[in-house]
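Below is one structure, written out as structure tokens, with a few remarks after it.
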Amino acid sequence: MTGGLMGLLLYYPTVNPPTEVVHQALLYWDGLASVVPRDPRVYGAVASGELRQLEERGLYQPLAFTHDSLDVLAEPGSWDRSWVSGQTSLLLVEELRRIAERPDLPPPTSLPEAVIYTSKISHWLRELLLELGLARRGRRSIMADLMVSKEV
């Protein structure tokens, strides 16, 4: 075997996979990866001690989206991307609008049920969530970018 990993299990959308996923990844794969916020301070604050130990041993790889890679989820209506990306984006927008129109959906509160790190989503999606009232900007702290309900 040459140096480096042969195959990684990619866990998404959260940074810290459940313990069972970590154990299965290490049993059946050469390592584990998850998508993390781009800001190293935020990553440092949210990554579990277990993941950091695995990273030190070369068994875990944190992955961060770049501005270019976020463009894979095309802005709705921009058909310069692949058909699948545009269709996926349109379906996402439809579902978010459906959620926003529900009369029983509680608005995001100052104590969020969930947080979305804006470095893990496209700019147009962040703006849509805010426009629809499905998200609130967090306090410009290291931990929160958008505060949302669990359903969102």
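Observations on the structure shown:
- Region 118-129, subset modelled with pLDDT of 80 or more and open to solvent by 40 Å² or more (accessible area, probe 1.4 Å), residue nearest to PHE65 (Cα to Cα): ARG126
- Residues being at pLDDT 90 or above and not in a loop (DSSP other than H, G, I, E, B) - total across region 1-23: 5
- Filtered by the rule that a residue be at pLDDT 75 or above and exposed (fewer than 15 other Cβ atoms within 10 Å of the Cβ), region 130-152 gives LEU130, GLU131, GLY133, ARG137, LYS150, GLU151.
- Of the residues screened, ALA100 is one that is modelled with pLDDT of 85 or more, out of contact with any strand residue (DSSP E or B) (no Cβ under 9 Å at 6 or more places or on another chain) and open to solvent by less than 60 Å² (accessible area, probe 1.4 Å).
- Any hit, region 42-58, residues being open to solvent by less than 50 Å² (accessible area, probe 1.4 Å), farther than 23 Å from GLU127 by Cβ, at pLDDT 80 or above and in a strand (DSSP E or B): no
The values are calculated or read from the model by the stated rules, or taken from the named source; none is laboratory data. Everything quoted here is computed from the prediction, not taken from an experiment. As a convention, Cβ positions derive from the backbone with ideal geometry for all residues, glycine included, and neighbour counts pool all protein chains shown. Each accessible area value is taken on the protein alone, full model and side chains, heavy atoms only, with ligands, DNA and RNA left out. Shrake-Rupley method; radii C 1.70, N 1.55, O 1.52, S 1.80 Å.
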